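The structure appears right after this line, and notes come after that.
Taken together, the values in this text are just the output of simple stated rules run on the coordinates, not laboratory data. Predicted, not measured: the structure shown is a model, and the values here were computed from it. Methodologically, a virtual Cβ is constructed for each residue, glycine included, from the backbone with ideal geometry; neighbour enumeration extends over all protein chains shown.
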Amino acid sequence: MINAIIGGALIGISASIMLLFTGRVTGISGIMGGILNPKSSDKGWRFLFIAGLVVGGLVMVSIQPDNFVVKSVATNIDYVIAGLLVGFGTLLGNGCTSGHGVCGLSRFSSRSFVATITFMAMGILSTLIFRLLRGEI
Amino acid sequence: MRNLIGFIAGIVFAVGLSISGMTQVHIVKGFLNIFGEWDPRLIGVMGGAILVHAISFRLITKRKSPILNKEFLIPNIKTLDLKLVAGAALFGLGWGWAGICPGPGLTSLTSGAEEFYYFISAMIVGMVVFQFLQRRGLFK
């Protein structure tokens with residue numbers, strides 16, 4: 001649990017760096033959406049933020065490879081279905097775990113509160129259905 | 001300079017995700033598995049992040065502007081609409097199904113595990129489809 005809190009604090013620090021320097025909310029889905037949107041003009045920092053995520057991941061993969069081992073019975077089709085839902089849903093709902101869950105809740109946004117409760121509840125439901133379909137329950 | 005800040009913040013974010021366990025799908029799915037063997041660690045991640053950022057947010061927004069921009073670009077819409085709830089619901093379904101959300105998915109790509117490539121490729125498709133439909137005037 002202590003690692004979870006320390007890691008979480010680092011995520012909070014990252015969001016603080018972005019807010020202090022650029023004045024922006026650190027929402028990963030929003031940053032990705034901006035890169036993919038042909039009309040978006042400020043792609044530079046967005047691209048470098050994602051590059052930072054990947055490079056940071058590379059560093060951590062070399063230090064703690066065990067932290068990236070996938071322990072799940074899900075198939076590749078499951079990941080495709082999930083990815084489609086996550087991509088579409090986060091842009092429709094204007095945020096994911098970072099934008100709504102961390103940044104939004106930190107500033108007591110009512111929209112983010114509603115979004116977080118909703119995606120947590122649906123995440124629980126989804127996990128339940130997943131386990132039921134595989135006969136785990 | 002803004003690009004450099006983005007890069008540094010991205011690295012810090014990725015390190016935080018990895019240390020906290022969010023790149024491990026069984027930890028995320030374990031948290032959402034409240035009717036089974038529940039894993040509480042995601043509370044620590046969210047709690048740590050919110051504790052830090054709730055304090056820093058109040059301190060930083062006392063400034064007239066951020067260091068590298070003219071003004072803060074913080075969403076100030078207050079309306080709760082169907083788009084917000086439907087979007088969060090679809091996201092939650094996908095999140096629980098795979099145990100991956102956008103940040104950990106991107107951070108984990110360099111591990112080489114194919115699961116993350118299937119997830120992120122499909123996520124990009126989902127985003128592009130949304131933006132296509134949005135340009136067609138849906139979701140107004």
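Before moving on, here are some points about what is shown:
- The single condition among (1) more than 7 Å from every other protein chain (Cβ to nearest Cβ); (2) within 20 Å of residue A:106 (Cβ to Cβ); (3) not charged (D, E, K, R) that residue B:60 does not satisfy is (1).
- Near pairs, Cβ below 6 angstrom, 6+ apart or cross-chain, from segment B:71-83 (at the interface with chain A (Cβ under 7 Å from one of its Cβ atoms)) to any residue that is among the hydroxyl-bearing types (Ser, Thr, Tyr): B:71/B:65
- For the criterion of being free of Cβ contacts under 8 Å to residues at least 40 places away in the same chain and surrounded by 23 or more Cβ atoms within 10 Å (Cβ to Cβ), residue B:119 passes.
- Selection from segment B:14-40 of residues that are in contact (Cβ under 8 Å) with a residue 24 or more places away in the chain and among the small types (Gly, Ala, Ser): B:14, B:16, B:18, B:20, B:21
- When restricted to residues that are over 27 Å from residue A:7 (Cα atoms), outside any helix (DSSP H, G or I) and not charged (D, E, K, R), segment B:75-110 contains 4.
- Check on residue A:21, over 30 Å from residue A:128 (Cβ atoms), among the aromatic types (Phe, Trp, Tyr) and over 14 Å from the mean Cα position of the chain (by Cα): yes
- Residue match in segment A:19-39 (condition: among the hydrophobic types (A, V, I, L, M, F, W, C), more than 7 Å from every other protein chain (Cβ to nearest Cβ) and buried (at least 19 other Cβ atoms within 10 Å of the Cβ)): yes
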